[in-house]
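Reading through the structure tokens given below for one structure.
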Amino acid sequence: MELSQAKIINLPKILDARGNLSVIEEKKQIPFEIERTYWIYDVPGGEVRGGHAYRKNEEFIVALSGSFDVILDDGSDRKVFSLNRSYYGLYVPNGIWRQMVNFSTNSVAMILASTKFDLSDYIYNYSLFKDQVI
Ligand code: TYD
């Protein structure tokens, strides 16, 4: 998939003096049906998450708290997206190499995924990824 398919999506923001609220509905704010949600937290300073691509799985990543950077690479282009507010997220199509870096203290990454967990969907080898046309 081409990197140009990845994009920041702004979410509805319901401002309220009692505290703000944002929302995601499948096939509405994000282009896929949600099969799975997971989150990454308690990341020690300097650690890197990701470092793989998915054959089929699409994801939407939100920094629910704190900040981190997502590095996307389609085999020819590379782009860094900084996520630091909970009212937007990054849509990552399948077939894109991704890494998550620069986690701030107490950051929480929420990831909505289009498929159930399936290890055979992962590509962990970057040169294999580059050789494959997805
Ligand atoms: P992995 O996807 O490699 O983490 P990241 O890319 O964020 O660094 O997953 C780490 C471990 O967690 C791996 O052993 C598989 C397991 N895991 C599940 O069991 N279910 C899931 O939905 C996910 C995302 C991971």
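Every read-out reported here was derived from the displayed coordinates using simple, explicitly stated rules and does not represent laboratory data. Bear in mind that the values here come from a model prediction, so they are computed numbers and not experimental data. Quick reminder, even Gly has a Cβ in these numbers, built from the backbone with ideal geometry, and neighbours come from all protein chains shown.
Estimated from the Cβ-Cβ distance and a Förster radius of 25 angstrom, the FRET efficiency linking GLU25 and LEU128 is about 0.10. GNM remark for the chain: springs join alpha carbons under 10 Å apart, and the peak mean-square fluctuation among ASP69, ASP121, ASP77 falls on ASP77. Across the range 3-133, Cα pairs under 8 Å and at least six residues apart give a relative contact order of 35 percent. The GluC sites (Glu not before Pro) of the range 10-52 meeting both criteria, a DSSP state outside H, G, I, E and B (loop) and at most 15 other C-beta atoms within 10 angstrom of the site's C-beta, are GLU25, GLU33, GLU35, GLU47. Spin-label model, ASN84/LYS56: points 7 Å from Cα along the beta carbon direction are separated by 3.8 nm. Fully extending the segment from ILE8 to SER120 would add 37.6 nm, taking 0.36 nm per residue of separation and subtracting the current Cα-Cα distance. Once both labels are positioned 7 Å from their Cα atoms along Cα-to-Cβ, the gap between ARG49 and SER67 label points is 1.8 nm. For trypsin sites (Lys or Arg not before Pro), the sites in the range 1-76 that DSSP calls loop and that have at most 15 other Cβ atoms within 10 Å are ARG18, LYS27, LYS28, ARG55, LYS56. Which part of the range 1-16 falls in the paramagnetic zone of ASP77, meaning amide N under 14 Å from the point 7 Å along Cα-to-beta-carbon? Residues 1-8 fall inside that zone. Working from label points 7 Å from Cα in the Cα-to-Cβ sense, the ALA17 to VAL101 distance is 4.5 nm. Non-local lysine pairs in the chain, meaning eight or more places apart or on different chains, with alpha-carbon distances under 27 Å, amount to 21. Using just its DSSP H runs of length 4 or more, each adding -39500 (n - 2.57), the chain gives a mean residue ellipticity at 222 nm of -1000 deg cm²/dmol after division by all residues.
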